[in-house]
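None of the figures in this text is laboratory data; all of them are computed from the coordinates on show. Everything numeric here is computed off the predicted structure, so don't read it as measured data. Methodologically, a virtual Cβ is constructed for each residue, glycine included, from the backbone with ideal geometry; neighbour enumeration extends over all protein chains shown.
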Amino acid sequence: MKKTPLFLTNEKDAKDAYCRIIAQTANAVVASIADDSAYSGPTPQQLKELIKVDDILPKNGLGFQNVMECLSKQILPNFLRTSSTNYMAHLHCPATIESIAAELILSTFNQSMDSWDQSPVATEIELEVIKMLCSLYGFNYEQGADGVFTSGGSQSNQTAIILARDWFCSTKLNYDIKKHGLPENFRKLRMYTSKISHFSMEKTAHVLGLGYESVVKVPVDAQKRMDINILTSLIENDIKCGNIPFLVVATIGTTDFGSIDSVSKIAQICQRHNIWLHADAAYGSGVVLSEKYKNRIAGLDSCDSITVDFHKMFLQPISSSAVLVKNGSTFEALTIHVDYLNRTEDEEDGYTNLVDKSLQTTRRFDALKVWVAFQTRGKDGWSKIISTSMENADYLYEKLQKDDDFIVVTKPEISSVVFRLKGGDEINKKIRRKLIHEHGVVIGQTVSDNFVCLKFTLLNPLITHTKIDSLVELIRKLGKI
Ligand SMILES: Cc1ncc(COP(=O)(O)O)c(C=O)c1O
């Protein structure tokens, strides 16, 4: 058996093999999508059987053809098909075709974004994309705003929280955390975020040594937005008690409901108390591209930092996310010079080493996907994509509101609708399972006010009103079985 060349090099053999294998893979992927379902249906137990191979690390290699055959038969047909209009479970998007092409390029060249000499043109492109993003969200790059790509919303949030904590301790407590570790009174540090904000807040608080108790969860109002009056009194009471508020995280699109905290009002409170304001816009950041709806996220420019996630509304392959910071010098918290990677003289000579701003060292060139997808479809194309998914949510909400069999939790502000079929928790749970295993439909499930609810996360702009109508009818029918 002829060995597959190891790498794509300048050799003819290697180039031929690269083209053949990529084309063969593309054909196998295309062939595996044989209907419109989102999932082929197997249970976890059935999958364990289906994916069995003799030996994942056999003594002698099987050759790519054999591996591809196994992939085509056993694995590819059972992938979750995120581009199916029957998939609407999570903030987990289908990937645009041009971005998949960009993935191929960035994996082929395997650039690493930590230092310029590992990613010369990639570094320059990431810098340009960050500059464009700063302008998109109202941050002034020329006046020092900055940002960096991350592995996802959780890491973007974590990065912002670290910068906020270090900035606060340095400027307000005259204390250098980077050098000395946590200050003696660290148990008094407090960050505020809504009760339904993303769990990466607590996780980060734990990792930073501040603990869950440092995260004050602010109740939400009937629209699932952070209650501003309660936030104000919680901060004031904490100050009176000797606690130290250093950060508020506003959620611009909560994970389940897509509700948007009132960032302008929160900004006033933060300014009054000299507290960092971070916007977790992992979900809602995409709204900026909709001409029709962009006002819903107005005010992001009053924040100190913003999480922008491209692998949600922006329909990019995982991973692709960025954190933007109004005062880029705060990234210094993450800078550590090492002789082999990011020498100080590099910067002086105009070589940017992006590791200076990042929690990661080796890092993917995810900015390329945004560069490609934004240019490919332009403002018009993207406005239509985002507006369609938001209009679909409005349509579903209006429909369910008028239907006596259903209860809808809140009016959607972005593209998620949480609702339940009347009849109890068990019926709703059973419906979701039946949809997965018997109908190739994958929808979300969550809890609101102690009731199990179903959720449509309508990121996919190919979903039509007819599709929504038929799924609602299917849910009603399954509720009667
Ligand atoms: C509001 C919000 N923030 C942060 C995250 C975390 O993002 P990631 O999964 O990219 O880490 C999510 C994920 O759904 C989210 O909904």
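Read phi for every residue in the stretch 83-98 and hand back ³J(HN,Hα) as whole Hz from Karplus 6.51 cos²θ - 1.76 cosθ + 1.60, θ = phi - 60°, with x for Gly and Pro.
8, 6, 6, 9, 10, 7, 7, 9, 7, 9, 9, x, 9, 5, 4, 5
Give me the distance in nm between label points sitting 7 Å out from Cα along the Cα-to-Cβ direction at residue 185 and residue 14, one decimal.
For residue 185 paired with residue 14, the spin-label model returns 6.1 nm.
Considering the options 8, 26, 45, tell which one lies farthest towards the positive end of the dipole of the stretch 1-68, charges being +1 on Lys and Arg and -1 on Asp and Glu at the Cβ, about the Cα centre.
So the residue we want is 8.
Loop only per DSSP, at most 13 neighbouring Cβ atoms within 10 Å: give me the trypsin sites (Lys or Arg not before Pro) in the stretch 355-441, ordered by residue number.
Filter output for the stretch 355-441: 402, 422.
Tell me the net charge near residue 479. Cut-off is 15 Å between Cβ atoms, residue 479 excluded, with +1 for each Lys or Arg and -1 for each Asp or Glu.
Working: positive: 420, 422, 429, 430, 432, 433, 434, 476, 477, 480; negative: 403, 404, 405, 425, 426, 438, 473.
Neighbour charge sum, excluding residue 479 itself: +3.
Kindly list the residues of the stretch 296-330 that lie in the label zone of residue 135, defined by a backbone N under 18 Å from the point 7 Å along the Cα-to-C-beta vector.
Backbone N within reach: 301, 324-326.
Where Lys and Arg each count +1 and Asp and Glu each count -1, what net charge lies around residue 386 among other residues with Cβ under 12 Å from its Cβ? Mind showing how you got there, number by number?
Details: positive: 292, 294, 296, 312, 377, 379, 384; negative: 291, 380, 391.
Local charge sum for residue 386: +4.
In nanometres, what is the gap between the two model label sites at residue 174 and residue 98, each 7 Å from Cα along Cα-to-Cβ?
Reported label-point gap for residue 174 and residue 98 is 5.4 nm.
To the nearest 0.05, how large is the calculated FRET efficiency for residue 143 and residue 462 if R₀ is 45 Å and r is the Cβ-Cβ distance?
Taking R0 as 45 Å, the efficiency between residue 143 and residue 462 is 0.65.
What is the distance in Å between the Cα centroid of the stretch 241-268 and that of the stretch 285-309?
Going from one Cα centre to the other spans 14 Å.
Pulled fully out, how much extra length does the chain show between residue 361 and residue 105, if you take 0.36 nm times their separation in residues and subtract their Cα-Cα distance?
Length gained between residue 361 and residue 105: 90.1 nm.
Between residue 54 and residue 25, what is the FRET efficiency for a Förster distance of 30 Å, r being their Cβ-Cβ separation, to the nearest 0.05?
Here the calculated transfer efficiency is 0.85.
Output the antiparallel fraction of DSSP beta bridges having both residues in the chain, as a percent to the nearest 5.
In the chain, approximately 55 percent of DSSP beta bridges are antiparallel ones.
Stretch residue 64-residue 403 to full length: gain in nm at 0.36 nm per residue minus the Cα-Cα span?
Value of the extension gain: 116.7 nm.
Using the Karplus equation 6.51 cos²θ - 1.76 cosθ + 1.60 (θ = phi - 60°), what ³J(HN,Hα) coupling, rounded to whole Hz, does each residue of the stretch 133-150 give in order, writing x for Gly and Pro?
Working through the residues one at a time gives 5, 4, 5, 4, 9, x, 9, 9, 5, 5, 9, x, 5, 7, x, 8, 7, 9 Hz.
At 7 Å along Cα-to-Cβ for each site, give me the label-to-label distance between residue 2 and residue 291 in nm.
Result: 5.3 nm between the two label points.
If R₀ is 51 angstrom, what is the calculated FRET efficiency for the pair residue 449 and residue 74, using the beta carbon separation as r and rounding to 0.05?
That gives a FRET efficiency of 0.75.
Residue 453's amide H: which non-local residues (gap 5+, or another chain) put their own amide H closer than 5 Å, with H modeled 1.01 Å from N in plane and none for Pro or chain starts?
It is 446, 447, 448, by chain and number.
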